[in-house]
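Chemist: Take this structure first; my questions come after.
The values are calculated or read from the model by the stated rules, or taken from the named source; none is laboratory data. This is a predicted model, so every value here is computed, not measured. Cβ atoms come from the backbone with ideal geometry, glycine included; neighbour counts cover every protein chain shown.
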Amino acid sequence: MQSITTVPVYIITGFLGSGKTRFVTEMLTDEGFTEGERTLLLCCEEGEDEYNPEVLKKANAVLINLEQARDIAGHKLARLNNEYKPERVIIEYNATWLLETLYQAKKPDSWELAQIIDLVDASTFEIYLKNMRKYMADGLKEADLVIFNRCNENTTKSKYRRSVKGINNTTRIFFENLDGTTDDGVSDEDLPYDVKASPIQIGDEDFGTFYLDAMEHPERYDGKTIRARGRAFRMEDMPRNCYVFGRHVMTCCAEDIGGIGFLCQYKGQAPKTNDWIMLEARVEKSFSVLHNCDAIVLTEQKVQPTHAPKEELVYFN
């Protein structure tokens with residue numbers, strides 16, 4: 001049986017004006033990415049910029065415009081694949097169509113998702129996240145890479161990082177500045193609690209910030225003591241004398257509620273499952289079997305029953 005040659009598919013999503021066309025053009029002219037492969041470029045909206053025909057020709061790329069979401073339904077993608085026989089596919093995707101529309105579309109068996117990149121205009125991020133959260137979060141939740149462009153000295157990068165990491169903790173994030181430089185936005189950050197205090201007092205409303213920062217910077221908390229309110233959870237295949245200390249979180253919408261937390265070792269009797277506790281614990285940077293990576297592991301110092309906070313869910317925005 002003849003094997004199927006894999007055709008990598010790159011999805012570049014984002015709102016109108018977020019710089020998708022410019023980014024795809026840079027992909028096509030990047031000698032490290034382009035070596036003359038036959039490229040099928042599917043453009044799902046008409047933006048401010050247009051593709052240069054000479055650039056497309058030199059990159060061995062053919063441009064197909066898809067004006068409406070229904071244009072990717074049926075056997076359209078299979079027919080385009082048969083007609084142009086691409087060696088790779090780049091889709092400049094319309095964020096308002098939602099990625100589920102593309103996932104459900106019939107595609108050739110040879111097409112294989114390689115990467116999703118979400119482009120974000122930093123100057124409009126907060127207003128879109130507030131007023132069009134469903135559409136903004138859709139790309140952020142699925143992206144392998146998130147790029148904020150049009151950043152300046154007033155861009156609150158640490159705040160934006162926390163918002164994105166709350167939706168998708170595994171994605172990479174980069175910021176493109178107006179002066180042409182790029183950075184990942186990682187700094188000591190203006191944390192809402194004093195990391196030099198002993199113990200570090202984590203407010204109820206700051207649990208999400210603590211979780212994200214500890215996942216990204218476990219060394220910041222190594223050897224320190226924290227005090228926070230949370231719940232005790234049990235999970236299958238946990239190490240002996242351990243429970244998960246954490247909270248429930250809403251990442252996108254009311255239907256998208258999950259859990260966050262850290263492994264906590266105890267010596268006496270474990271708290272009852274789902275009980276609210278006030279925990280004071282020693283922190284150690286270590287490999288966490290809960291997260292399957294380096295993170296923090298807690299060792300119970302003091303614990304007492306407590307009531308639920310005013311807001312039981314954690315929000316990352």
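Chemist: Go through region 77-96 residue by residue and tally those that are among the charged types (D, E, K, R) and within 24 Å of Glu142 (Cα to Cα).
Modeler: The initial filter retains those residues of region 77-96 that are among the charged types (D, E, K, R), namely 79, 83, 85, 87-88, 92.
If we keep only those that are within 24 Å of Glu142 (Cα to Cα) as well, we get 87-88, 92.
Here the count works out to 3.
Chemist: Moving on to the next point. Determine the pairs where a residue that is modelled with pLDDT under 95, located within region 30-58, has a partner that is among the small types (Gly, Ala, Ser) with Cβ atoms under 6 Å apart, the partner being 6 or more residues away or on another chain.
Modeler: What qualifies is Thr34/Ala59.
Chemist: Going by the conditions given, is Tyr84 assigned by TED's automatic domain parsing to the domain that holds Ile167, under 14 Å from Cys44 (Cβ atoms), modelled with pLDDT of 95 or more and not β-branched (Val, Ile, Thr)?
Modeler: Numbers: assigned by TED's automatic domain parsing to the domain that holds Ile167: yes; under 14 Å from Cys44 (Cβ atoms): no; modelled with pLDDT of 95 or more: yes; not β-branched (Val, Ile, Thr): yes.
When the stated conditions are applied, Tyr84 does not pass them.
Chemist: Let me ask another. Do we have Val195 as without any contact (Cβ under 8 Å) to a residue 40 or more places away in the chain, assigned to a loop (DSSP other than H, G, I, E, B) and closer than 22 Å to Gln115 by Cβ here? Walk me through it before giving the result.
Modeler: Details: without any contact (Cβ under 8 Å) to a residue 40 or more places away in the chain: yes; assigned to a loop (DSSP other than H, G, I, E, B): yes; closer than 22 Å to Gln115 by Cβ: no.
Against the criterion (without any contact (Cβ under 8 Å) to a residue 40 or more places away in the chain, assigned to a loop (DSSP other than H, G, I, E, B) and closer than 22 Å to Gln115 by Cβ), Val195 does not qualify.
Chemist: Right, another one. Restricting to region 259-285, count the residues that are surrounded by 14 or more Cβ atoms within 10 Å (Cβ to Cβ) and assigned to a strand (DSSP E or B).
Modeler: Here the count works out to 16.
Chemist: So, one more: Being over 30 Å from Thr5 (Cβ atoms), more than 15 Å from the chain's Cα centre (by Cα), at pLDDT below 95 and charged (D, E, K, R) is true for just one of Asp121, Asp109, Asp188. Which residue is that?
Modeler: Unique residue meeting the criteria: Asp188.
Chemist: Then there's this: Is it the case, given these coordinates, that Thr171 is touching a residue at least 12 places away in the same chain (Cβ under 8 Å), surrounded by 18 or more Cβ atoms within 10 Å (Cβ to Cβ) and within 23 Å of Val9 (Cα to Cα)?
Modeler: yes
Chemist: Scan region 67-81 and give yes if some residue there is in contact with an Asp or Glu (Cβ under 9 Å, 6 or more places away or on another chain), not β-branched (Val, Ile, Thr) and not in a helix (DSSP H, G or I), otherwise no. Break it down stepwise before answering.
Modeler: Just the residues of region 67-81 that are in contact with an Asp or Glu (Cβ under 9 Å, 6 or more places away or on another chain), to begin with: 67.
Those left that are additionally not β-branched (Val, Ile, Thr): 67.
Add one more test, that the residue is not in a helix (DSSP H, G or I), and what stays is 67.
Yes, because at least one residue in region 67-81 is in contact with an Asp or Glu (Cβ under 9 Å, 6 or more places away or on another chain), not β-branched (Val, Ile, Thr) and not in a helix (DSSP H, G or I).
Chemist: Can you spot a residue in region 217-227 that is at pLDDT below 90, out of contact with any helix residue (DSSP H, G or I) (no Cβ under 7 Å at 6 or more places or on another chain) and not assigned by TED's automatic domain parsing to the domain that holds Asn149?
Modeler: If we filter region 217-227 for residues that are at pLDDT below 90, which is where we start, we get 217.
From what is left, the residues that are out of contact with any helix residue (DSSP H, G or I) (no Cβ under 7 Å at 6 or more places or on another chain) are 217.
Filter again for not assigned by TED's automatic domain parsing to the domain that holds Asn149, leaving 217.
Within region 217-227 (the criterion being at pLDDT below 90, out of contact with any helix residue (DSSP H, G or I) (no Cβ under 7 Å at 6 or more places or on another chain) and not assigned by TED's automatic domain parsing to the domain that holds Asn149), the answer is yes, since at least one residue qualifies.
Chemist: So, one more: I'd like the full set of residues that are among the basic types (Lys, Arg) and within 20 Å of Tyr51 (Cβ to Cβ), limited to region 88-108. I'd like the intermediate steps shown before the answer.
Modeler: Taking region 88-108 and keeping what is among the basic types (Lys, Arg), we get 88, 106-107.
Listed by number, the list holds a single entry, Arg88.
Chemist: Here's something else I'd like to know. So which helices (runs of 4 or more DSSP H) are wholly in region 94-147 and hold at least 2 residues that are under 16 Å from Ile11 (Cα atoms) and without any contact (Cβ under 8 Å) to a residue 24 or more places away in the chain?
Modeler: 99-104
Chemist: Quick one: which residue in Thr299, Thr209 is surrounded by 16 or more Cβ atoms within 10 Å (Cβ to Cβ) and β-branched (Val, Ile, Thr)?
Modeler: Checking each option against the conditions leaves just Thr209.
Chemist: Which of the numbered conditions does Cys242 fail, given that it passes all the others? Conditions: (1) touching a Cys at 6+ places or on another chain (Cβ under 9 Å); (2) surrounded by fewer than 18 Cβ atoms within 10 Å (Cβ to Cβ).
Modeler: (2)
Chemist: Let me ask something additional. Being part of a loop (DSSP other than H, G, I, E, B) and under 25 Å from Tyr128 (Cα atoms): is that true of Thr155 here?
Modeler: It is true that Thr155 is part of a loop (DSSP other than H, G, I, E, B) and under 25 Å from Tyr128 (Cα atoms).
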